[in-house]
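See below for the structure under consideration.
The values are calculated or read from the model by the stated rules, or taken from the named source; none is laboratory data. Here the structure is a predicted model, which means the values were calculated and not measured. Ideal geometry is used to build each Cβ from the backbone, glycine not excepted, and the neighbour counts take in all protein chains shown.
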Amino acid sequence: MLGTVKFFDREKGYGFLVNDSGGEVFIGIRTLARCGLDTIARGDTLEYDVTSQPRGNAAENVRIVRRAAAMTYIQAASSDVQQATATRLPPPGERIPF
């Protein structure tokens, strides 16, 4: 099933996804950890399985399909900085001019 992150608070350890039909699905930090994920952000699109829990539906086997635009922008900016830094460093053994 596909859904979008409506809310996720890492400190509280939980959040909610909204599926295509508008239903909410609980997602906990332990589920993310089991799936190898550290955190998710509002607007991320996830693929997941739904399990029925005593308090409602919960996501399991979570995989990120698409990061939200803001996260993509941050990742792109970080990549640009890394590339700029790498291109300014002299080759090993060469003296750095001051």
Original post:
So is residue 50 in contact with a Ser or Thr (Cβ under 9 Å, 6 or more places away or on another chain) and in contact (Cβ under 8 Å) with a residue 12 or more places away in the chain or not?
Top reply: no
Original post:
Hey, among the residues in region 1-22 that are within 16 Å of residue 50 (Cα to Cα) and exposed (fewer than 14 other Cβ atoms within 10 Å of the Cβ), which one's nearest to the chain's Cα centre (by Cα)?
Top reply: 2
**OP:** For region 48-60, state whether one or more residues are among the aliphatic types (A, V, I, L, M) and part of a loop (DSSP other than H, G, I, E, B).
**Re:** no
Original post:
Any residue at all in region 11-23 that is modelled with pLDDT of 95 or more and either of a type in the set (Gly, Ala, Ser) or in contact with a His (Cβ under 6 Å, 6 or more places away or on another chain) (or both)?
Top reply: yes
Subject >> Selection count, region 1-19, where residues are over 17 Å from residue 60 (Cα atoms) and assigned to a strand (DSSP E or B) >> reply: 1
